[in-house]
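The structure appears right after this line, and notes come after that.
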Amino acid sequence: MPTEAVVVRREVKAAIQLIAWLRTRSTSLATCTQHDIDDWLATDIWVRYLARTFLVWSVRNGHAHRVLIPIPPKDTSMVLIEQDQRWAHVRRLVKGDGVDTATRVAGLLLLLFAQPLSRTSRIRLDQVTRTEDGVALKLGSHPTDLPPPLDALVLELVQQRNGYSTLGRSDDHPWLFPGTAGGQPISSRQLMRKLTALGIRARPARNTTLMELSSELPAVVLSRLLGLHISRAEKWTKEAGSTRADYAAEISRRSTAAPSSFS
């Protein structure tokens, strides 16, 4: 499907969702306020930005008044997938029919914890620890507790690697994802090929996961748990948060340029 058609389909879907959401608040395009739009953007933030085109058209044609969705931050690498597609990938990997354990783990780390394949491929056995509550994986400066069934899948990889007795030990072959060359980890390209075969595109999937996590967690937590540099974590939280200052500037510009008929 051409890219333009995909964009249009997503924008139409976002517009329909916005109208339905406004109805649940007993309001409409004609009566909604910027406060309503701010609340609309508070969850599933990036996907809901796609209603911007529809909202701009509605204001220009008098169907809505003095409301807007800001232009999202410009980033040429910011290609995303829809959240329902992301979770469909997660469910498929959790179910695991016909998918090897290494690919399931790599995919779930990508879709749940935004781990780039270049880092996933080089995870070491000593980054995995068993705790009283389950399994933790050290992706950043602080261990991250893994949800089921990812915890069991990681332990299965450890068992396949050298047996449970080596958990937390580093030796001449310390990789959780060993490659075909002696003593070397699997290549990120090989993991990418496996995921691509399942219809999972690594960069858009990671962007979407990071956008979601950044809208829920402060930058310092993202940095500690996911291994992001603090400056990158702050950039993501800023993009996901769409600060009030951004809204105020956009509203001011829109208000100044608005025709008198919008009064």
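The values are calculated or read from the model by the stated rules, or taken from the named source; none is laboratory data. These numbers come from a predicted model, not from an experiment. Here the Cβ is made from the backbone with ideal geometry for all residues, glycine too, and neighbour counts use every protein chain on show. Side chains included, ligands, DNA and RNA excluded: accessible areas come from the protein's heavy atoms. Shrake-Rupley method; radii C 1.70, N 1.55, O 1.52, S 1.80 Å.
Here is how the numbers come out for the structure above:
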{"quantity": "Amide hydrogen neighbours beyond the local backbone of LEU139, cut-off 5 Å, H modeled", "calculated": "THR144"}
{"quantity": "Note, ³J(HN,Hα) from phi for the range 230-239, Karplus 6.51, -1.76, 1.60, rounded to Hz, x at Gly and Pro", "calculated": "4, 5, 5, 4, 5, 4, 5, 5, 5, 5"}
{"quantity": "13 Å beta-carbon shell around GLN190, net charge (K/R +1, D/E -1)", "calculated": "+3"}
{"quantity": "Percent carbon-and-sulfur accessible area, the range 83-150, ignoring ligands, DNA and RNA, probe 1.4 Å", "calculated": "50 percent"}
{"quantity": "Three-way shape label, the range 77-116, alpha-carbon gyration tensor, a/c 1.5", "calculated": "oblate"}
{"quantity": "In sequence order, calculated HN-Hα J values of the range 196-205 (Karplus, 6.51, -1.76, 1.60; Hz; x Gly/Pro)", "calculated": "4, 4, 8, x, 9, 8, 4, 5, x, 5"}
{"quantity": "Hz values of 3J(HN,Hα) by residue in the range 216-229 - Karplus curve (6.51, -1.76, 1.60), Gly and Pro given as x", "calculated": "10, 10, x, 4, 5, 6, 4, 4, 5, 7, 9, x, 6, 4"}
{"quantity": "Overall form of the range 182-223 per C-alpha gyration tensor (a/c, 1.5; a/b vs b/c)", "calculated": "oblate"}
{"quantity": "Under-5 Å amide H pairs with ARG124, H placed in peptide plane, nonlocal only", "calculated": "LEU176"}
